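Structure first, commentary second.
Every read-out reported here was derived from the displayed coordinates using simple, explicitly stated rules and does not represent laboratory data. Keep in mind the model is a prediction, meaning the values are calculated, not measured. Methodologically, a virtual Cβ is constructed for each residue, glycine included, from the backbone with ideal geometry; neighbour enumeration extends over all protein chains shown.
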Amino acid sequence: MKMQNKFAHPARRLPRALRAFWRGLREWCGDASYDRYLAARATRESACCKLTRAEFYVEQANRRYSRPNRCC
Amino acid sequence: MKRAFSIVAWIAVAILGAGSLAKIAVHRGEPINAMWFVAAALGCYALAFRFYSAFVAARLLTFDDTRATPAERVDDGRDFVPTNKWVLFGHHFAAIAGPGPLVGPTLAAQFGYLPGTIWLIAGAIFAGCVQDFVILFFSIRRNGKSLGEMAREEVSRRGGFIAQIAVLAIMVILLGVIALVVVNALKSSPWATFTLAMTIPIAMLVGLYLRFLRPGRVMEASLIGVSLIIFAVIAGQWVADSPAWAQAFTISGVALAFALIAYGFAASALPVWLLLAPRDYLSAFIKAGAIFSLAAGILLVRPDILMPPLTKFIDGSGPVFAGKIFPFCFITIACGAISGFHSLISSGTTPKMILRESQSRLIGYGAMLMESFVGVMAMVAACAMTPGVYFAINSPASIVGGTADAAAKTISSWGYSLSAATMNDMAKAVGEITLLNRAGGAPSLAVGMAQIFSSTIGGPRLLSIWYHFAIMFEALFILTVLDAGTRVGRFMIQELAGRLWKPFAQTSWVPGMLISSALIVALWGYFLYQGVIDPLGGINSLWPLFGIANQLLACVALVLATTIMIKMGRIRWLWVTVLPMIWLVTVTMTASYQKIFSANTRIGFLSLAQSLTAQIAAGKIPTAKIADTQRIIFNQRLDAAVTAALALMILVLIVEALVQWYLLLAKKRPATLHESPYVATAWAQNFSGVAHGDD
């Protein structure tokens, strides 16, 4: 199966590569963070209430910028 | 067969890297092409990553990929998020690469291209990458603990305290000096000032969009913001062309300093989502775009390097900053070679997101190699311009004179030909009134970048747009470091003050928040102000201070790593962290000594203070300037005291480390490691991070 992927026709590999790039870009910039949060919450028993997308965004921003996250 | 091919390929890479390095080292006379720099850097990086990082991984760290990382064990969807290694590489690189690798090499270009380039490549391979890599690995093994926490647990409480103070010190000095870089780039430049001022309402607009209109849709909001910023760069030209508007945005250095201080306070006190976070998103996109564009531009244009390999200023008489190659080249270039600040990132967010221990090699060692390459590109951009122009832009008026004629005469007398017309024409071509006396590295880098970009797209017609795009890019992400750093500094002050009076530690307590914000802003604001009024340009005093503080933090990180390795029984390989540590201690202690005690008034803080005091006593200073001169004398003594405090911390840290290492090696103290308990991974071996079914 792996061999087939590796040697797939370039026309088939390109869309796959673009999808992976798009997914990576969404994760890198933070667009996928809320989906991640929901998925992580779904797999674990959580006592606290679920945050809305807007609440989660504000909470994440507060957490991220409370510690050194940008270097010189 | 495959093995034979691999051996041949790596021998070819070794020949390419070593050959290119030898070429730039021994080349004299005719200009050398920038591609030799690219080949030397990439060849050396490839070898270092393939062999040296593998050696460090195998002999010192010994990964265990059956062990669950903090991201797997905790996986709370907030801090601990399993992340694909390439995405995390991007996160980590965006976090570590700030203005330092652009500004430091540009300043160090005054020695010629050779010392800085060799330090960037060798320093990264043997010191910076190793530091980032081992600290990341040790933090993964300790549930993502911070450098300070690890130093307290593994070295001693005193080691942890020094780490905490070093972080605060570096934060204050860093913020002061990078704010000075922005001031020197924007002063008397209506176009650049307008563009940067516009980024504030644009960031707030993006913040409101992300908070209320389309919460959390970072990419689309950032694209809107980036488009508006590019429009602001273009609109800046209309502002510069309109006499009334140009006058409104022509602001002096002191006024700009106070504007930045007010901005820092606002960014620290306002809700994060309104200004700080959206600015960071915009900055990250523009940073990534500009760095890739610079790399592409260098590859396409392949400029000749006009700066000689070594200049006459290796003797310590440099106009940009005073001091000989040793030690000043090695503290001027910190980020790009080794930066202690990186250890805060390596022990902060990244270890909580990594999937496997073995990925710390790509992310810790690899991302730092990439930052080093950014430094090499900055060196290429600075050295691709005529040396005379480089010195005219970066030298203070007190050395080369405040007019184009005076600067041309002085710089030509040094042997670097320059005419006043060249400087006037260049200023006109980039849409500025003057490019003279803009110490700090940002404008000369912008000229270098603009020349490379305009050779690719637009020609001389777009030179002014490219110049202001480059200035905006540098100033934007300097301001991002400024506001994020001010906020973190505010939390550090609240934490320290909270030990004395508990309510202070509550970050939501408004009076505490306002007082600590004002305090951190006042601390770095004072350094900024003294830099702006400094007759020697400010950078001459403050950039070495920043370098010393940054390397102090690197010493903390390397002491921590060495202590853990002793506890792990890796005695035979201790040189991997001890040798860079000895080098850094030697460099920082020598630089500290010279900055405090040198008899040369351009280097020694105390000798300048003494000289100015004598001039006042002899009646050589006009009465109207006595108050200003006394302030400069006070600032020199303050800088000497700060340098002495940093040097003392390094000494205390080394003594502390030696005691702890002796106790451990003599088995008088148990070698207890504070690692998180082993938990076996539940993930399949080829798991790549797409954990939750998002596509």
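For the reader, a short list of remarks on this structure follows.
- For B:73-83, mean number of other protein chain Cβ atoms within 10 Å: 5
- Per-peptide average of other Cβ atoms within 10 Å, ordering B:619-628, B:313-322 highest first: B:313-322, B:619-628
- For region A:20-27, Karplus couplings with θ = phi - 60° (6.51, -1.76, 1.60), whole Hz, Gly/Pro x: 5, 5, 4, 4, x, 5, 5, 5
- Between the C-alpha center of region B:488-539 and that of region B:47-113 there is a gap of 30 Å.
- Region B:1-118 shape via C-alpha gyration tensor axes, a/c threshold 1.5: oblate
- Under 5 Å, built H, 5+ apart or other chain: amide partners of B:Ile32: B:Ile305
- Ordering of B:97-106, A:59-68 by packing is B:97-106, A:59-68, highest average first (other Cβ atoms within 10 Å, averaged per residue).
- In a simple Cβ point-charge model (Lys, Arg +1; Asp, Glu -1; nothing else charged), chain B has a dipole of about 1300 debye relative to its Cα centre.
- When +1 charges are put on Lys and Arg Cβ atoms and -1 charges on Asp and Glu Cβ atoms, the dipole computed for region B:443-585 relative to its Cα centre reaches about 540 debye.
- Farthest toward positive dipole pole in the protein assembly as shown [+1 Lys/Arg, -1 Asp/Glu at C-beta], among B:Ala367, B:Ile452, B:Gly253: B:Ala367
- Of B:Lys23/B:Lys324; B:Lys428/B:Lys625; B:Lys502/B:Lys667; B:Lys352/B:Lys502; B:Lys187/B:Lys287, pairs whose Cα-Cα distance is over 31 Å: B:Lys428/B:Lys625; B:Lys502/B:Lys667
- Backbone HN-Hα couplings from phi across region B:16-24 [Karplus 6.51/-1.76/1.60, Hz, Gly and Pro as x]: 4, x, 5, x, 5, 5, 5, 4, 6
- Residue by residue along B:271-278, Cβ atoms of other protein chains within 10 Å of the local Cβ number 4 on average.
- Length released on extending from B:Lys667 to B:Asp315, taking residue separation times 0.36 nm less the Cα-Cα span: 121.9 nm
- Full-stretch length increase - B:Arg50, B:Thr66 - with 0.36 nm per residue and alpha-carbon distance subtracted: 3.5 nm
- Rough spin-label spacing in nm, given labels placed 7 Å along Cα→Cβ, for B:Ile118 and B:Asn600: 1.9
- Whole-Hz ³J(HN,Hα) from phi, Karplus 6.51 cos²θ - 1.76 cosθ + 1.60, for region B:259-276, glycine and proline x: 4, 5, 5, 5, 4, x, 5, 4, 5, 6, 8, 6, x, 4, 5, 7, 10, 5
- What the Cα convex hull of chain B gives, in volume per residue, is 178 Å³.
- FRET E, pair B:Trp575, B:Leu648, Förster distance 35 Å, beta-carbon r, rounded to 0.05: 0.85
- Placed amide H near B:Arg67: partners under 5 Å, 5+ positions off or other chain: B:Thr681
- Model label sites at B:Arg28 and A:Ala8, defined 7 Å from Cα along the beta-carbon direction, differ in position by 5.8 nm.
- The magnitude of the dipole of the protein assembly as shown, with charges of +1 and -1 set on the Cβ of Lys/Arg and Asp/Glu and taken from the Cα centre, is near 1640 debye.
- Since only B:Ile162, B:Leu21, B:Pro303 are under comparison, the one whose Cα sits farthest along the positive direction of the charge dipole of chain B, derived from C-beta charges on Lys, Arg, Asp and Glu, is B:Ile162.
- Think of region B:559-661 as having a plus end and a minus end, set by charges on the Cβ of Lys, Arg, Asp and Glu; of B:Pro622, B:Ala609, B:Ser598, B:Ser598 sits farthest toward the positive end of this dipole.
- Cβ-derived FRET efficiency at R0 30 Å, B:Arg631 paired with B:Arg158, nearest 0.05: 0.25
- In terms of Cα atoms, the Rg and Dmax of the protein assembly as shown work out to 25.5, 88 Å.
- One decimal place: the segment B:Ala235-B:Leu519 gains 98.6 nm when fully extended, by the rule 0.36 nm per residue minus the C-alpha distance.
- Cβ-defined net charge surrounding B:Ser455, 15 Å radius [Lys, Arg +1; Asp, Glu -1]: +1
- Legend: calculated FRET efficiency, B:Phe292 to A:Trp22, from the Cβ-Cβ distance at R0 = 22 Å, rounded to 0.05, equals 0.80.
- Between region B:236-274 and region B:554-630, the alpha-carbon center distance in angstrom: 34
- Cross-link partners of B:Lys409 among lysines, defined as those whose alpha carbon lies under 18 angstrom from its own and excluding same-chain residues fewer than eight positions apart: B:Lys312.
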